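The structure under discussion appears below in the form of structure tokens.
The values are calculated or read from the model by the stated rules, or taken from the named source; none is laboratory data. What you are looking at is a predicted structure, and each value in this text was computed from that prediction instead of being measured. Neighbour counts run over all protein chains shown; Cβ positions are idealised from the backbone, glycine included. These accessible areas exclude ligands, DNA and RNA; they are computed on the full protein's heavy atoms, side chains included. Shrake-Rupley method; radii C 1.70, N 1.55, O 1.52, S 1.80 Å.
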Amino acid sequence: MSIRFASIGTGWIAGEFLKGAREVEGLEYTACYSRSQEKGEEFAKQWGAQKVYTDLEAMAEDKEIDAVYIASPNALHYSQSKLFLQHGKHVICEKPITVEPEQLMELQQLAEQKGLVYMEALIGVYLPEMRILQGAVERLGGVHLARLDFSQYSSKYPAYLAGEVPNIFNPKMATGGLMDLGIYCVYPAVMLFGMPDKVSAHARFLSTGADGSGCVTLHYADKTVVLTYSKTAQGEIGSEIQGEHGVIRIPRISKLTDMTFTPVGGQPQPLSAYTDKYLQMSYEAKRFYEFITQPEQNRAQYRYVSSIAYTVSRVMKMAREEAGIHFELSEQ
């Protein structure tokens, strides 16, 4: 069964997704949207789309499009997802899928009513390495402390230092360190340990009002999970989960590659190896296709990832409120 899909956004992440989608038999890339006709045509030529749109309404009305991949600025995710769901299109949207959990619940219910798939594109959720990590955590015995970090020097930070306001550091776009990088730490924390009893957070703000770095602490009855993130420095120590029977080291929390398990008094044991990002993104593209084409066989998994997305959105909002992270949204 062929699923014809379109894309919104022409950045590098959209290209990586499309490269990964090529690995999924049955996904057919047919159209792209860009505010610029010239840029859209260039992107379409590069990735093989047959149509270019500069009008979202027109693309949403195209009967030859079954689904859409959204990789636009965060502030536009809700309105664009809603538009395409209302027009009967399946939607896979880059993280964070919406700014507010209430928006996510609304669109999940809309998708359910229309018999559509609406899912968040975040690599780690769909990787086989996540199942490996979950199994390794069970081997740890009692886990009382975990430290998850994603600190990556932003390619846009020099522009900010030069006086510009890139989208990623613009509160009007609902972006910043927590929304862009911190979410990669929140997701595995929720998938491994569930909804925390309490959330506390602190952020360091840039002159634009966006958070450049910060720390979120998830409090559980039997453990503490500390999440750190930064877009203004490059982290090197990675992440680790400490248990009574050993420790798991995760050098790249966003990709779950090169993980090791070290039992108490023993030597590190490899859990995962390096994988190219586009191949990792092929897993979310494959699940999107399977959720659409085999709904009954995948209903339990779809409901699980939808529930996780909502819990993550709740935790993200609690962290923003605790840290004082606010957005100046002009469109919702």
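If you wrap the chain's Cα atoms in a convex hull and average its projection over all directions, what's the area in nm²? Projected over every direction and averaged, the Cα hull of the chain covers 16.5 nm². Please report the base-10 log of the normalised intensity I(q)/I(0) for region 1-118, using a Debye sum with one equal scatterer per alpha carbon and no solvent, at each q in 0.10, 0.16, 0.19 (1/Å). Normalising to I(0) and taking log10 leaves -0.26, -0.69, -0.99. The P(r) of region 109-181 has a tail past 13 Å containing 79 percent of all C-alpha pairs. Here the peptides 209-217, 160-168 are ranked by packing, the mean other Cβ count within 10 Å, and the order with the highest first is 209-217, 160-168. Each of GLN242 and SER207 was given a label point 7 Å from its Cα along the Cα-to-Cβ line. The distance between the two points is 4.0 nm. The portion of the accessible surface of the chain made up by carbon and sulfur, rounded to a whole percent, is 48 (1.4 Å probe; DNA, RNA and ligands excluded). Average accessible surface for region 215-315: 46 Å² per residue, computed with a 1.4 Å probe over protein heavy atoms with every protein chain in place. Under 20 Å from a label point set 7 Å out along the Cα-to-Cβ vector of ALA233, the amide N atoms of region 191-216 belong to 201-216. Spin-label model, GLN297/GLU57: points 7 Å from Cα along the beta carbon direction are separated by 4.0 nm. If I build a Gaussian network model for the chain, linking alpha-carbon pairs within less than 10 angstrom, which residue out of GLY11, GLY235, GLY88 has the largest mean-square fluctuation? Largest GNM mean-square fluctuation: GLY11.
Eigenvalues of the Cα gyration tensor times 5, then square-rooted: what semi-axes does that give for region 232-320, in whole angstrom, largest first?
Working: eigenvalues 171, 69, 50 Å².
Its equivalent ellipsoid spans semi-axes of 29, 19, 16 Å.
Which residues does the label zone of LEU329 cover in region 54-86, counting backbone N under 14 Å from a point 7 Å along Cα→Cβ? Within reach of a label on LEU329: 73-83. Taking packing as the residue-averaged number of other Cβ atoms within 10 angstrom, the listed peptides 122-131, 77-86 run from highest to lowest as 77-86, 122-131.
Largest first, the residues TRP47, TRP12 sort by 1.4 Å accessible area into TRP12, TRP47. When nucleic acids and ligands are ignored and a 1.4 Å probe is applied, PHE43 ends up with an accessible area of around 10 Å². Ranked by the mean number of other Cβ atoms within 10 Å per residue, highest first, peptides 259-270, 299-310, 21-32 order as 21-32, 299-310, 259-270. Over all distinct Cα-Cα pairs of region 138-287, the Kirkwood formula returns a hydrodynamic radius of 16.6 Å. Is the shape of region 211-270 best called rounded, prolate or oblate, per the rule: a/c under 1.5 gives rounded, else a/b larger than b/c gives prolate, else oblate, with a ≥ b ≥ c the square roots of the Cα gyration tensor eigenvalues? Oblate.
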